[in-house]
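Heads up, the thing below is written out as C-alpha cells.
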Amino acid sequence: MPKKSKGWAKEPRRHALSAYGIPNKITKKKTAATQVTGKLFPQHVLEQIKEYNEIADGREWIAEFDLVNGSILMNDFQFSDDVDASYLNWDGERDSIYNVGYIHYHPDNLVPMFTAQDFVLGCRLHNMRTEGSKEKLGYTLMGLVVKDRIILIAVKPGEKRQKQFEDMIDTDGSPDAVEKLRKIVGEMQNRGELLRFNDVGLDGSNMGKAGGLII
C-alpha cells in the first residue's frame, strides 16, 4: 500500500506536534483529564525523550504513538533538518491497526503552543484510524514536548473540524488566528471532542496544567 503523508511537506510555517502515553481507555469524565501522572510514562520512555531532545540540538523531532497490547509505545522517530518542519508517513495496515496519535518536540526556538497545523494533523490521523483502532482508544492523542514537560491532549473531532483548522493555517500564530483557535478549542472541550491532561514532567512528576502552553 502506498504511504500517505501525515505531515505538511514543504510548509515551513508548520509549528509542530507532540503527544503521548495514556491508559487503554479515555473517558469523558473530568477526572480522566486530571489524573494523568508519570506512572503512564515508564522511566525508560522518559529517558528516551530526554535523549532525543539532546540529540535534536535545536531541531524538531516527531514520533507516533502505537497502542500495542494495552501499552502506548513510541515508534518511527524522525528528526527535521529544517527549522520548524518535520513529517510523518502513514505506514499502511500497521498504522491503521496500531497508531493512536503522535508526539512532537518543540525546542526553545519555537513557540511552546499547539497551532492550527497541529490540530490538522490530529484530525487527519483520527480520520485515518480504523474503527477497530478507535474501539481500543476512541480519542487520538496529540502531545507537545517542551523543555521540562510533556503536554498531552486527546481529540475526537467533529466532522468539520479539519476544514476549520485548515482554513487557519495561512494566518497561524497571528493574534486573530490565536483567538479564533482558542474559541474552537473551547467549543471542542465543551462538546467532549477534546480532553486536556495534566502535564507530565520529564522526571515523571505530575506538573498540573501549565498556563499559556495550549491554545
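The values are calculated or read from the model by the stated rules, or taken from the named source; none is laboratory data. Bear in mind the structure is a predicted one, so any value in this text is a computation, not a measurement. Cβ atoms come from the backbone with ideal geometry, glycine included; neighbour counts cover every protein chain shown.
Search the range 127-144 for residues being crowded, with 23+ Cβ neighbours inside 10 Å and not aliphatic (A, V, I, L, M), and hand back the single one that is nearest to the chain's Cα centre (by Cα).
Within the range 127-144, the match that is nearest to the chain's Cα centre (by Cα) is Gly143.
In this structure, is Thr31 part of a helix (DSSP H, G or I), under 30 Å from Lys183 (Cα atoms) and modelled with pLDDT under 80?
yes
Do we find that Phe165 is of a type in the set (Phe, Trp, Tyr) and farther than 30 Å from Glu51 by Cβ in this structure? Step through it out loud before you land on a result.
Working: of a type in the set (Phe, Trp, Tyr): yes; farther than 30 Å from Glu51 by Cβ: yes.
Yes.
Give me the residue from the range 34-67 that is at pLDDT 85 or above and β-branched (Val, Ile, Thr) and, out of that set, nearest to Arg149 (Cα to Cα).
Ranking the candidates gives Ile49 first.
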